[in-house]
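Worksheet: one structure, shown below.
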Amino acid sequence: MQSENPRDQEIFYRAYLRRDTSFEGIFYIAVKTTGVFCRPGCSARPPKRANVEFFRSPDEAMDRGYRPCKRCNPQHSVGDQPDWLQRALRMVESAHSERVGDRELAQQGIDPVRLRRWCLRHWGMTFHQYQRRWRIGVSIEQINAGQKVIDSAGNAGYESLSGFSEAFKRFVGSSPRNASDKTALSLDIMQTPLGQMYAAATSDTLCLLEFTDREDLPRQIKRIQSNMDAVFLPGSNPLTRRVQQQLNEYFAGSRMSFDLPVRFCGTAFQQSVWHALQQIPYASTRNYQQQAKSIGRPEAVRAVASANAANPLAIVVPCHRVIGKQGALSGYAGGVWRKRYLIELEAASGECQTV
């Protein structure tokens, strides 16, 4: 639906003037005088405030008669992983210790230059740097499973133990012999209608799911690193791909609960609040007082609100379902417009109830 909240519209317009790409997927700006709609980061000359309106999706803008900007292509999601990238990542996983070179990529119809540019833009590293980090992550899992360091070095494609140790220290910060104390977390980028999210997971546990523009994200990552003695390595694994699939189903309105193994990194009180959040039914809401009572701490309303704000698993652990006592949509670290979107999305699948 069209964004009608004046406060949201002012936030969106200022973000557009800044060309703030952290708002990608959250809104689309349509220019009445040209009949064109754009994404937030478009480099076109900004229109006057009186000449614009905002939409939640490209389809809504086009339904109102606007056509997509040829400069920023708003009908395509920024950061979407194209098919050729998915093929390249599968090649890395299947090659194990072997390096996937430009020749192998070209043989599969993948342009190495295009791949390198994509990785630099979205991950801040080349594809070959990604490969090295991916192999180090696999090595951590192998050493933790009891494999000898020298065997893990060979499996990672290193001919010498010294070369492997040097690369390991550079990426992990410690020697391979201390790898048994480390947890490798794959850090993947999720695409959603509300913008990009980071998902961090081991092969069997999701530890982080958060919007990439959240101010508290560095603190969240440090907390997980400290709690799990973890190393974040860019890339995907079967669990992060499962997260993306379930997010797609949720935003399509076909999934009302998540079937994902999670791990909470927080205090005992925070964890009790997060577990209680998981008990709030889909398309229902609670206020902070009710949430405090649900954990047997009716006097701890402010502490509950603080724990909600520190929730490391957005959407999957639905802190967006907790609202103010008078129904105010406040206190959501991802932004009030996201909270409103999520509540409206769930309400569209069933009448929203207050429990």
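For every residue, the table says whether it meets (1) crowded, with 18+ Cβ neighbours inside 10 Å; (2) among the acidic types (D, E); (3) outside the structural domain of G334 (by TED's automatic domain parsing).
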position	(1), (2), (3)
E24	yes, yes, yes
A30	yes, no, yes
G41	no, no, yes
F54	yes, no, yes
S57	no, no, yes
A61	yes, no, yes
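Assigned by TED's automatic domain parsing to the domain that holds L313, modelled with pLDDT of 95 or more and not β-branched (V, I, T): is that true of Q271 in this structure?
Yes; evaluated as a whole, the condition is true for this residue.
Which of the residues that make up region 270-316 are aliphatic (A, V, I, L, M), touching a residue at least 40 places away in the same chain (Cβ under 8 Å), within 23 Å of R255 (Cα to Cα) and in contact with a helix residue (DSSP H, G or I) (Cβ under 6 Å, 6 or more places away or on another chain)?
L277, I280, A283
Name the single residue, out of those in region 150-168 being surrounded by 21 or more Cβ atoms within 10 Å (Cβ to Cβ) and in a loop (DSSP other than H, G, I, E, B), that is modelled with the lowest pLDDT.
A156
Would you be able to tell me the number of residues in region 305-315 that are under 19 Å from the mean Cα position of the chain (by Cα) and surrounded by fewer than 21 Cβ atoms within 10 Å (Cβ to Cβ)?
Adding up the residues that qualify gives 2.
Go through (1) in contact with a helix residue (DSSP H, G or I) (Cβ under 7 Å, 6 or more places away or on another chain); (2) closer than 28 Å to Q196 by Cβ one by one and return the number of the condition A347 breaks.
Evaluating A347 over (1) in contact with a helix residue (DSSP H, G or I) (Cβ under 7 Å, 6 or more places away or on another chain); (2) closer than 28 Å to Q196 by Cβ leaves (1) as the failure.
Looking at (1) at pLDDT below 95; (2) in a loop (DSSP other than H, G, I, E, B), which is the one condition that is false for N308?
(2)
Identify all residues within region 316-337 that are in a helix (DSSP H, G or I) and either crowded, with 22+ Cβ neighbours inside 10 Å or touching a strand residue (DSSP E or B) at 6+ places or on another chain (Cβ under 6 Å) (or both); write none if there are none.
Within region 316-337, C319, H320, R321, W337 qualify.
Enumerate the strands (runs of 3 or more DSSP E) found wholly within region 174-244, keeping only those where 1 or more residues are of a type in the set (D, E, K, R).
183-190, 206-211
Looking only at region 109-130, count how many residues are in a helix (DSSP H, G or I), within 21 Å of the chain's Cα centre (by Cα) and touching a residue at least 12 places away in the same chain (Cβ under 8 Å).
So the answer is 5.
(1) closer than 23 Å to L209 by Cα; (2) touching a Gly at 6+ places or on another chain (Cβ under 6 Å); (3) in contact (Cβ under 8 Å) with a residue 60 or more places away in the chain: which one isn't true of E346, the others all being true?
Every listed condition holds for E346 apart from (2).
Please go through (1) modelled with pLDDT of 95 or more; (2) out of contact with any Lys or Arg (no Cβ under 9 Å at 6 or more places or on another chain) for L260 and return the number of the only condition it doesn't satisfy.
Of the numbered conditions (1) modelled with pLDDT of 95 or more; (2) out of contact with any Lys or Arg (no Cβ under 9 Å at 6 or more places or on another chain), the odd one out for L260 is (2).
Yes/no per residue for (1) modelled with pLDDT of 90 or more; (2) hydrophobic (A, V, I, L, M, F, W, C); (3) surrounded by 17 or more Cβ atoms within 10 Å (Cβ to Cβ):
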position	(1), (2), (3)
S186	no, no, yes
Q196	no, no, yes
A201	yes, yes, yes
T205	yes, no, no
E210	yes, no, yes
D213	no, no, yes
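Can you find a residue that is modelled with pLDDT of 70 or more and under 18 Å from M228 (Cα atoms) anywhere in region 114-126?
Checked against the condition, which is being modelled with pLDDT of 70 or more and under 18 Å from M228 (Cα atoms), region 114-126 yields no hits at all.
The values are calculated or read from the model by the stated rules, or taken from the named source; none is laboratory data. None of these values were measured; they are calculated from a predicted model. All Cβ positions, even for glycine, are placed from backbone atoms using ideal geometry, and neighbour counts span all protein chains on display.
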